[in-house]
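Enquirer: One structure coming up, written as structure tokens, with questions to follow.
Nothing in this text is a laboratory measurement; each read-out follows from the coordinates by a stated rule. Here the structure is a predicted model, which is why all the values come from computation and not from measurement. Here the Cβ positions follow ideal geometry from the backbone for every residue, glycine too, while neighbour counts run over all protein chains shown.
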Amino acid sequence: MSPRSASVNEELRRRSRERLLQAAVELVGEHGYEATTLGDIADRAGSARGLVSYYFPGKRQLVQSAVHRLMHRTLEEALEREPRTDDGRERMARAIDAILGLAHDRPVLMRQHMAGLLQGEGFVQCPEQRRLSELLGQTIARYGSGNVPSDYPMLRALLMGAVYSALVPGVPMPIPVLRTELFERYGLDWELGIPPGSGARAGTADTDLSRFFATDDRSALPPMSPPAPGSSADDRPTEPSDA
């Protein structure tokens, strides 16, 4: 049997990583972080358990990357939904509503994510986190910021603070109140984005997240085994370097 080509190996690596990300989001959302094991994630993904450590240093890094994927794809959908627009204020409103919507629709997952960010390692520098940063940076630039390097961290901090406030056990703040504060901060009309109570949010808590994870047909390619000891660096998946 002839060896697989480099392009097939690359596709196998991509799909394996995507399946692990999707499984992590699903299981943590269903059962919580502590009740979800790396073995559970590998089993849900249909992957060999050794592949988890091949792609991710540990469970927290895997889950954080998975949630950042969910966040940036949710944000992409919100920004590009019909009717599409280049209006900076509308796009800012959509971004705020997308992130607050995740706190509303997926409280278990987002609560675990916020708790993970307070751990020693903080943000995991991964492609998913960088894509989320790019989208928020583009949003603040389209909104009209004259100093994106300064205004982007403020937007990120405000959104993180709002999500945290919405999810504090026992004393959560209502999302419409948090939305009002953010909209006033950025001078946005209430009617922009997806206002609470408008009916436009009906059905947004979709349980099928497969559209966010490009796994394609799992049967189209053979399963990939963990790398053998002593494998060359060329056989390992590569990620973009930090900006």
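Enquirer: For residues that are among the acidic types (Asp, Glu) and loosely packed, with under 14 Cβ neighbours inside 10 Å, scanning just the stretch 31-57, find the one that is farthest from Ser210 (Cα to Cα).
Expert: We begin by selecting, within the stretch 31-57, every residue among the acidic types (Asp, Glu); these are 34, 40, 43.
Those left that are additionally loosely packed, with under 14 Cβ neighbours inside 10 Å: 34, 43.
Values: Glu34: 23, Asp43: 17 Å.
Only one residue tops the list, namely Glu34.
Yes/no per residue for (1) of a type outside the set (Asp, Glu); (2) in contact with a Gly (Cβ under 6 Å, 6 or more places away or on another chain); (3) assigned to a helix (DSSP H, G or I):
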residue	(1), (2), (3)
Ser7	yes, no, yes
Ala23	yes, no, yes
Ala42	yes, no, yes
Ser47	yes, no, no
Arg60	yes, yes, yes
Glu76	no, no, yes
Ile96	yes, no, yes
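Enquirer: Return the only residue of Glu90, Glu76, Glu34 being acidic (Asp, Glu) and either closer than 15 Å to Gly116 by Cβ or free of Cβ contacts under 8 Å to residues at least 40 places away in the same chain (or both).
Expert: Only one candidate passes the filter, namely Glu34.
Enquirer: Now, a different point. Looking at Arg106, Arg130 in this structure, which one is in contact with a helix residue (DSSP H, G or I) (Cβ under 8 Å, 6 or more places away or on another chain) and either buried (at least 16 other Cβ atoms within 10 Å of the Cβ) or under 28 Å from Arg14 (Cα atoms) (or both)?
Expert: Among Arg106, Arg130, only Arg106 is in contact with a helix residue (DSSP H, G or I) (Cβ under 8 Å, 6 or more places away or on another chain) and either buried (at least 16 other Cβ atoms within 10 Å of the Cβ) or under 28 Å from Arg14 (Cα atoms) (or both).
Enquirer: While we're looking at this one, here's another question. Please work out if Gly146 is exposed (fewer than 14 other Cβ atoms within 10 Å of the Cβ), out of contact with any helix residue (DSSP H, G or I) (no Cβ under 9 Å at 6 or more places or on another chain) and of a type in the set (Gly, Ala, Ser).
Expert: yes
Enquirer: Show the residue pairs that are 6+ apart or on different chains and have beta-carbon atoms under 6 Å apart, the first residue being within the stretch 15-26 and without any contact (Cβ under 8 Å) to a residue 60 or more places away in the chain, the second being of a type in the set (Gly, Ala, Ser).
Expert: Sorted first by the residue in the stretch 15-26, then by its partner, the pairs are Leu20/Ala45; Ala23/Ala45; Ala24/Ala66.
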